[in-house]
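> Could you have a look at this structure, given as structure tokens, before my questions?
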Amino acid sequence: MLPKKIEAALNAQIQTEAMSSQIYLAMASWAETQGLSGTAAFLYGHSDEERMHALKLVKFVNERGGHAVVPALPAPPRTWKGITHIFQELFVHETKVTGEINKVVDLCLKEKEYTTHNFMQWYVSEQIEEEALARTLIDKLNMIGGDKGGLYLFDRDLAGMIGAKAKEKQGA
Ligand code: OFO
């Protein structure tokens, strides 16, 4: 049986992951309206991944005899200043998510909840990957600066990255 404190922490994490999905969906929609079709495709895919992160937690909580609660979410922002702003915000958001995950892991150790601790390791690894990806994209954008041709190619390449990331996850 899942201890109540752990159940509450996992429910809070469900909200965090669902919020990530909402924010990236809002970013994708805005990017699409700006003609940034590669960026939009990448962010739509990323939003789906975050939903999957939330769902994985929902299933785990219920399997362990808890009750996963579908949370209310605040409205995400509507607009951004450009591609670089989007990825800067994404990076900041992911570092916050990492902090939240670390808190859950800490609590599991304190409460000697080793099963949940083990389950949470998947999220710990995922955060390393997500932060590294965001950092790489920001580095590229900093290199490109305001160069329109460079930004065009960056946007085009992002569309290809979504497929590559999915394949990597399937072990292909
Ligand atoms: Fe769920 O990894 Fe990002 O937030």
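> Under a GNM of the chain (C-alpha, springs under 10 Å), which listed residue has the highest mean-square fluctuation: 13, 22, 34?
34
> Something else now. Please list 3J(HN,Hα) in residue order for the range 19-26, calculated via the Karplus relation 6.51 cos²θ - 1.76 cosθ + 1.60 where θ = phi - 60°; whole Hz, with x for glycine and proline.
These are the phi-based 3J(HN,Hα) values: 5, 4, 4, 5, 4, 6, 5, 5 Hz.
> For the range 88-95, take each phi angle, set θ = phi - 60°, evaluate the Karplus expression 6.51 cos²θ - 1.76 cosθ + 1.60, and give the result in whole Hz per residue in order, putting x for glycine and proline.
5, 5, 4, 5, 4, 4, 5, 5
> Determine the per residue accessible area of the range 4-170 with all protein chains present and a 1.4 angstrom probe, expressed in square angstrom.
On a per-residue basis, 53 Å².
> Given the C-alpha atoms of the range 1-80, compute the convex hull and give its volume per residue in Å³.
Numbers: hull volume 5.4 nm³, N = 80.
Taking only Cα atoms, the range 1-80 has a hull volume of 67 Å³ per residue.
> A further question follows. Starting from a Cα-only point model with no solvent, please compute log10 I(q)/I(0) by Debye for the chain at q = 0.14, 0.16, 0.19 1/Å.
Log-scaled intensity ratios, in q order: -0.76, -0.94, -1.22.
> So, in Å, what gap is there between the alpha-carbon centers of the range 127-143 and the range 17-61?
17
> Hey, can you grab everything whose amide H is under 5 Å from the amide H of residue 68? Only 5+ residues off in sequence or another chain; H modelled, so Pro and N-termini drop out.
62
> Helix-derived [θ] at 222 nm for the chain: sum -39500 (n - 2.57) over DSSP H runs of at least 4, divide by residue count, nearest 500?
My calculation for the chain gives -28500 deg cm²/dmol from helical runs alone.
> Expressed as a whole percentage, what fraction of the accessible surface of the range 4-170 belongs to carbon and sulfur atoms when a 1.4 Å probe is rolled over the protein heavy atoms?
Answer for the range 4-170: carbon and sulfur cover 57 percent of the accessible area.
The values are calculated or read from the model by the stated rules, or taken from the named source; none is laboratory data. None of the values given here were measured: they were computed from a predicted structure. Note: accessible area is taken over every heavy atom of the protein model, side chains too, but ligands, DNA and RNA are not part of it. Shrake-Rupley method; radii C 1.70, N 1.55, O 1.52, S 1.80 Å.
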